[in-house]
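To start, the structure itself, in structure tokens.
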Amino acid sequence: MGEETSREELLSEVREALKNHELKVYYQPQYDSVTSRLAGAEALVRWIKPDGSVIMPGSFIPQLEDDRAILELDWYMLREVCIFLAKQKKENMYSVTVAVNFSRMHVHEENFVEQLCAIVDGYDMPRKMVEVEITESAFVDQSEMIADWIGKIRAEGFRVAIDDFGSGLSSLSFVKDISADVLKIDKSLLSRNCEDEKERIVLESIFNFAHRLKLTTVAEGVETREQLGFLRTCSCKVIQGFLFAKPMPEAEFMQLCQKGYDVDDMEDILLVQAPSSATQLLLEAVFTRYPLVIFANLTRNSFYMMAYENFTAQSCPSTGVFEELIAHGTSTMHPEDQDLFRNTFSISNLLSAYERGDKFVSVVTRQIGDDGIYRRVETTDYFVKNPSVEDVLVIALCHNLD
């Protein structure tokens, strides 16, 4: 009975604190890992008592979650952030996107998206300035419902971040199935200061799949130069942690935005560039020229697509049987070019070219786009070798000439 009474008293105190404006927003800055420029912030709650004492969220947030009073706090925090952003806008100050935490309980609010839009629009703020942050644990029991909820939030122009990824309940399937914008890596994955080889392998793998899924990555809890150096080699986009800045009250964060957005850079990123990160940069350069990149195994009649952006036609399978890919490609070509395309990239013709010692096979054809217009497209298959197998492999690079 005592515990229940204590919990009810705490809830009553928190609600009273909300009315008295004792719950304050603290902002923890986020920095671009390469330029060291201010890139964003996360809004965190602090309970400042009248006597000046500070109560950390871990002392009251769990009880609010149990009572659904957390919903009141989340909306309160959003309004406070909007007031702050509106103040910056009025004073023509440099401002960044602010992430606001929302409990998974909001998924059961029928008018959540409408209320979110109404509050942000009410302060005349661009919706992109507010990032909806949802903890990874929210996906454990109701991933399908939350995936649909996130889709509706993003459809209204808000960015969505998955918080605490890797905190113990990680599932690659939910990252694959939801349409989030940001993946925040939990500080627990940095517990060994990025000096343990297994830890480094896990982190490299996470950043690799996040980049492939086009998710912006944020590393939380970064406290040492060693962690920063390694995260840079993984092309982690954003850094959040005590190494750069602790959570700070609004006035202090306002001053940070006023005086500029650089911090002392610690190392030239090119001096700590790891092969994995350098490869990512190389691929980005390749994609600017070749928006469609395909890896194919002629021996096994298989392929998978690595990039597919801003190309003539968007409807194309991402993986499968190579011969079926060529049949699909042929169907999109101008009738006068179909035989040329089909014969050039048939497995038999490519294998013959490989046996002759050709380095590549290339052809220009006219391909119909999704808009119904034919454009000239150059397709080049380069023969490559993997020392681990005898299979004949090709990398196809395609780009629009018109």
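The values are calculated or read from the model by the stated rules, or taken from the named source; none is laboratory data. Remember, predicted model here, so these are calculated numbers, not experimental data. Every residue, glycine as well, gets a Cβ built from its backbone with ideal geometry; the counts of neighbours run over all protein chains shown. Calculation scope for accessible area: heavy atoms of the full protein, side chains included, ligands and nucleic acids excluded. Shrake-Rupley method; radii C 1.70, N 1.55, O 1.52, S 1.80 Å.
A few notes on this one:
- DSSP-defined beta bridges in the chain - what % are antiparallel, rounded to 5: 70
- Candidates 110, 223, 133, ranked by Gaussian network fluctuation over the chain, Cα under 10 Å, top entry: 110
- Axis of helix 2-19 versus longest Cα principal axis of the chain: the two differ by about 80°, to the nearest ten degrees.
- Rounded accessible area of residue 83 (nearest 10 Å², 1.4 Å probe): 70
- If only the Cβ of Lys and Arg carry +1 and only the Cβ of Asp and Glu carry -1, the dipole of the chain around its Cα centre is close to 1100 debye.
- Each residue was assigned an accessible area with a 1.4 Å probe, and for residue 242 the value is about 110 Å².
- Put simply, the amide H of residue 299, placed in the peptide plane, has neighbours under 5 Å in 392, leaving out anything fewer than 5 places away on its chain.
- Estimated inter-spin distance, residue 334 and residue 197, nm [label 7 Å along Cα→Cβ]: 5.7
- Shown here: volume of the Cα convex hull per residue in Å³, derived from the displayed model; of the candidates (i) 181; (ii) 192; (iii) 391, it corresponds to (ii).
- Estimated FRET transfer efficiency when R0 is 25 angstrom, pair residue 124-residue 72 (beta carbons, to 0.05): 0.55
- If you plug the beta carbon distance of residue 117 and residue 286 into 1/(1 + (r/R0)^6) with R0 = 25 Å, you get a FRET efficiency near 0.05.
- Bridgeable lysines around residue 214 (alpha carbons under 30 Å apart, same-chain partners fewer than 8 residues away excluded): 89, 128, 152, 176, 184, 187, 198, 237, 246, 385.
- Here the simple spin-label model places points 7 Å from the Cα toward Cβ, and for residue 18 and residue 349 these points are separated by 6.8 nm.
- Counting DSSP beta bridges with both ends in region 12-146, the antiparallel % (nearest 5): 60
- Dividing the helix sum by the residues of the chain, where each DSSP H run of 4 or more adds -39500 (n - 2.57), gives a mean residue ellipticity at 222 nm of -12000 deg cm²/dmol.
- Residue of 362, 352, 179 that the Gaussian network model of the chain assigns the largest fluctuation, springs spanning Cα pairs under 10 Å: 352
- Near-label residues of region 175-205 by backbone N, under 15 Å of a point 7 Å along Cα→Cβ of residue 214: 176-183
- Cβ-Cβ distance of residue 391 and residue 110, R₀ of 56 Å, FRET efficiency by 1/(1 + (r/R0)^6): the value works out to about 0.55.
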